[in-house]
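For reference, the structure discussed in these notes is given below.
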Amino acid sequence: MIKLGVREARTKAARGPLAVAATALLTVTALVALPQSTAHAADTLGAAAAGKGRYFGAAVAANHLGEAQYVNTLNTEFNSVTPENEMKWDALEPSRGSFGFGNADRIVNHAQGRGMSVRGHTLVWHSQLPGWVSGLGASDLRSAMNNHINQVMAHYRGKIHSWDVVNEAFQDGNSGARRSSPFQDRLGNGFIEEAFRTARAADPNAKLCYNDYNTDGVNAKSNAVYAMVRDFKSRGVPIDCVGFQSHFNSASPVPSDYRANLQRFADLGVDVQITELDIEGSGAAQATGYGTVVTACLAVSRCTGITVWGIPDKYSWRSGGTPLLFDDNYTKKPAYHAVLSALGGSDGGGGDPGTPGANCTATYSRAEVWGDRFNGRVTITAGSSAISNWSVNVTVTSPQKVSATWNGSPSWDSSGNVMTMRPNGNGSLAAGASTSFGFTVMTNGNTTPPGVSACTAS
């Protein structure tokens, strides 16, 4: 379960340049004016989780709050947010005593305007520290750490549900030792306790969490964290919750003792939160992993919520692994349907209303391109339940014409521009399974991509 440098890798990806959609020019005010979702109570992740007494959140980047589709998905699906980088030390206090809360405030204000709770991330961490912190001696460092906690928590007093007070203070591997950092090296083991005591005084009503990665199963690192929490509880050190980042992939899947590990921490008298969930992969395997995590949380009464580390795959810190619940086009993936199902909700996926839970997604991609034509491909993926049939509409823009199709049975509307594609044989797909069909578009001078409707399943 060792993933070296996961946070450092995520930081680089999260803070790197990203393409900005044309809609980025929209103001936050305009975005806040978007209509509230009219989805039924259990039709979204946040609503379904709330029905189980939990939150379902997402890590949010302020620079995406100008993208309408990003904000619409955030507003519709989630009831909690965690600022991705905007509350880290280098963002809030780049020079000693000089604080800038603009980007973090933007996220908090958006969340509050939508009735979402906010997790604060993070007060004391060895990474993303401005250079001036690392150059301080012990006395100055202690003063700077406590002042940073006091100033930040005072600014957000009453607005933050849970704070990651200290983040990733233990080494990877089998030693169970503390990680080398300016705080550990100059202040010793006591810096964690001091940070929590300072945080309690700064905002007595906020939940105070310790957060780490590679602690999802029972291992040397999680045992060391467990021993610290047990000690803190026995001595009255204020700690309310433990965060489990839960970054998984095929090499480090959800551990078999995941639920038991959450439960043993809960048994110490702290809440447990899944704070940065993402699972690399696709299809049924990814959906199964997400379902396992949600089911484990629901089985532990003190597991109060789940946060996924991002919204669409393209903005993930490891986008190449497509680890999130929405693809680059914000289409719900099989993993989304698995999560919603595990939470007891159902969106129907556009399926036959007489077949509860039937759902599928349709994803378009352009294939071969020639001077006068191009090939398109649509991938159909079943949701968390098996389906027996599906259909998708493909609309081309006149004077384009579809000249050939394969792996499907097409029919046309009277204009000849809308093609309804159905299976040309057995339309059955197991939960999370995929199939595809293709077509050739004669451009006739118009290279506009075709429109692809939502998939309808039964």
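Condition check: touching a strand residue (DSSP E or B) at 6+ places or on another chain (Cβ under 8 Å), farther than 19 Å from GLU86 by Cα, at pLDDT 95 or above and not in a loop (DSSP other than H, G, I, E, B). Does ARG186 satisfy that? So ARG186 does not fit the description; no.
Going by the conditions given, is ASN63 at pLDDT 95 or above and open to solvent by 40 Å² or more (accessible area, probe 1.4 Å)? Criteria met by ASN63. Residues of the range 260-270 that are touching a residue at least 12 places away in the same chain (Cβ under 8 Å) and surrounded by fewer than 20 Cβ atoms within 10 Å (Cβ to Cβ): ALA260, GLN263, ARG264, ALA266, LEU268, GLY269.
Restricting the range 288-315 to residues that are among the aromatic types (Phe, Trp, Tyr) and in contact with a helix residue (DSSP H, G or I) (Cβ under 7 Å, 6 or more places away or on another chain), the residue that is surrounded by the most Cβ atoms within 10 Å (Cβ to Cβ) is TYR290. If the condition is being under 24 Å from THR82 (Cα atoms) and either hydrophobic (A, V, I, L, M, F, W, C) or touching a Pro at 6+ places or on another chain (Cβ under 7 Å) (or both), then the range 163-182 contributes TRP163, VAL165, VAL166, ALA169, PHE170.
Number of residues in the range 207-239 that are charged (D, E, K, R) and surrounded by fewer than 19 Cβ atoms within 10 Å (Cβ to Cβ) equals 4. Close contacts from the range 141-164, counting a first residue that is in contact (Cβ under 8 Å) with a residue 60 or more places away in the chain and a second that is in a helix (DSSP H, G or I), with Cβ to Cβ under 8 Å and a gap of 6+ residues or different chains, come to VAL152/LEU92. Suppose we filter the range 170-206 for residues that are of a type in the set (A, V, I, L, M) and open to solvent by less than 10 Å² (accessible area, probe 1.4 Å); how many remain? Residues that pass the stated criteria total 5.
Return yes when GLY131 is without any contact (Cβ under 8 Å) to a residue 24 or more places away in the chain and open to solvent by less than 40 Å² (accessible area, probe 1.4 Å) and no when it is not. Judged against the criteria, GLY131 is not a match. For the range 241-254, give me the residue count where each residue is in contact with a Lys or Arg (Cβ under 7 Å, 6 or more places away or on another chain) and buried (at least 19 other Cβ atoms within 10 Å of the Cβ). Total satisfying the criteria: 2. Scanning the range 97-124 for residues that are in contact with a Lys or Arg (Cβ under 7 Å, 6 or more places away or on another chain) and buried (at least 21 other Cβ atoms within 10 Å of the Cβ) gives VAL108, VAL118, THR122.
The values are calculated or read from the model by the stated rules, or taken from the named source; none is laboratory data. The structure presented is a predicted model; accordingly, all values stated were derived computationally and were not measured. Neighbour counts run over all protein chains shown; Cβ positions are idealised from the backbone, glycine included. The area values use the complete protein model at the heavy-atom level, side chains included, leaving out ligands, DNA and RNA. Shrake-Rupley method; radii C 1.70, N 1.55, O 1.52, S 1.80 Å.
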